[in-house]
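The values are calculated or read from the model by the stated rules, or taken from the named source; none is laboratory data. Quick caveat: nothing in here was measured; it's all calculated off a predicted structure. Glycine gets a Cβ as well: all are built from the backbone with ideal geometry, and neighbour counts include every protein chain shown.
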There are 2 protein chains.
Amino acid sequence: MFQLEEELPLSAQACTNKLASIGDALYVIGGKWKLRIILALQEGKKRFNEIQRAVEGISARVLSHELKELEINGFIKRVVYTETPVVIEYELTQYSDTLQDVLESLSKWGEMHRRRIMHVPVNE
Amino acid sequence: MFQLEEELPLSAQACTNKLASIGDALYVIGGKWKLRIILALQEGKKRFNEIQRAVEGISARVLSHELKELEINGFIKRVVYTETPVVIEYELTQYSDTLQDVLESLSKWGEMHRRRIMHVPVNE
DNA sequence: CGGGATCCCATTTGATACTG
DNA sequence: CAGTATCAAATGGGATCCCG
């Protein structure tokens, strides 16, 4: 997987690695919902329906599915309070803190982009 | 859209904005291929088939479609050299440079994540 | 309330073939 | 080479019902 290709310049090698890394990243946090759910939980732990309200447009089925994946990948924890009434809450793990930079750069860029498409002519 | 909700703490407002920004970002650069294509083009301008070879797994149909979207959104330029033989090349615009931070944080995180899942037990 | 199960449609994607 | 056309398969996602 990491054999050296003599024909490729070093920069190409570096790019290949970056490409793979970004691939890995997109694999676990890509898709329409995952980052939004994580972001919603940054306000604090939430219950299922609270998350659904916070993440506009997501259905219960999809939310359920995404929460499971996020838990498997270690981003969130599902906590069950057994005292009646039973309450189930989702909260971020410390691992999801490692996404700070990603979230920050993404939201920064998104904000910039929105401003651009609002008052820039169609062609550059 | 930016009215103040009295019930929400300020942090919640900020989160809502971030969420929207990230939504905007994911809208244009989300999906399985767009960032990979951009990354591939960071090595330099490339022709259609070269891109297809660089971005492993993408089909001609999907690549064609993605290239169009990327062009519409101002990330790449399609350049036709009319001297025979006619050559068509794709290159990044300056606008795609604004994605540096995003790409950087994503690839960094992806690399870190890969290392983690390679030698960390299943549960945290 | 917190989901799971099922059904069903729409969009995406892949494979293959084809064309200027 | 630079795509397009076509069809089939996979996936995504909504709606609804159900259960403890």
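Identify all residues within segment B:83-107 that are more than 14 Å from every other protein chain (Cβ to nearest Cβ) and within 21 Å of B:SER64 (Cβ to Cβ); write none if there are none.
Quick first cut of segment B:83-107, residues more than 14 Å from every other protein chain (Cβ to nearest Cβ) only: B:83-90.
Residues satisfying the conditions are B:PRO85, B:VAL86, B:VAL87, B:ILE88, B:GLU89, B:TYR90.
Quick one: what pairs do we get from segment B:53-79, first residue over 18 Å from B:GLN42 (Cβ atoms), second away from DNA strand D (no atom under 12 Å from the Cβ) and assigned to a helix (DSSP H, G or I), C-beta under 7 Å, 6+ apart or different chains?
Correct list of pairs: empty, since none qualify.
Suppose we filter segment B:52-81 for residues that are among the small types (Gly, Ala, Ser), within 10 Å of DNA strand C (Cβ to nearest atom) and closer than 18 Å to B:LEU39 by Cβ; how many remain?
1
Restricting attention to segment A:44-64, does a residue exist that is touching a Leu at 6+ places or on another chain (Cβ under 6 Å) and within 30 Å of B:GLY57 (Cβ to Cβ)?
First, pick out the residues of segment A:44-64 that are touching a Leu at 6+ places or on another chain (Cβ under 6 Å): A:52.
Then drop every residue that is not within 30 Å of B:GLY57 (Cβ to Cβ), which leaves none.
Among the residues of segment A:44-64, not one is touching a Leu at 6+ places or on another chain (Cβ under 6 Å) and within 30 Å of B:GLY57 (Cβ to Cβ), which makes the answer no.
I need a count of the residues in segment B:18-52 that are under 17 Å from A:ILE29 (Cα atoms), within 8 Å of another protein chain (Cβ to nearest Cβ), part of a helix (DSSP H, G or I) and free of Cβ contacts under 8 Å to residues at least 24 places away in the same chain.
9
Of all residues in segment A:53-77, count the ones that are away from chain B (no Cβ under 14 Å), of a type in the set (Gly, Ala, Ser) and under 20 Å from A:THR93 (Cα atoms).
Qualifying residue count for the region: 1.
Within segment A:75-95, can one find any residue that is crowded, with 17+ Cβ neighbours inside 10 Å and of a type in the set (Val, Ile, Thr)?
Looking for residues that are crowded, with 17+ Cβ neighbours inside 10 Å and of a type in the set (Val, Ile, Thr), one finds at least one in segment A:75-95, hence yes.
Looking at A:GLU56, is it of a type in the set (Asp, Glu), surrounded by fewer than 18 Cβ atoms within 10 Å (Cβ to Cβ), under 21 Å from A:LEU103 (Cβ atoms) and at pLDDT below 90?
On the way: of a type in the set (Asp, Glu): yes; surrounded by fewer than 18 Cβ atoms within 10 Å (Cβ to Cβ): yes; under 21 Å from A:LEU103 (Cβ atoms): yes; at pLDDT below 90: yes.
Spelling it out, A:GLU56 is indeed of a type in the set (Asp, Glu), surrounded by fewer than 18 Cβ atoms within 10 Å (Cβ to Cβ), under 21 Å from A:LEU103 (Cβ atoms) and at pLDDT below 90.
Under the condition of being within 30 Å of A:MET118 (Cα to Cα) and of a type in the set (A, V, I, L, M, F, W, C), which residue from segment B:59-74 is surrounded by the fewest Cβ atoms within 10 Å (Cβ to Cβ)? Walk me through it before giving the result.
So in segment B:59-74, the residues within 30 Å of A:MET118 (Cα to Cα) come out as B:62-74.
Subsequent filtering for residues that are of a type in the set (A, V, I, L, M, F, W, C) retains B:62-63, B:67, B:70, B:72.
On the way: B:VAL62: 15, B:LEU63: 17, B:LEU67: 20, B:LEU70: 24, B:ILE72: 11.
Residue satisfying both the conditions and the ranking: B:ILE72.
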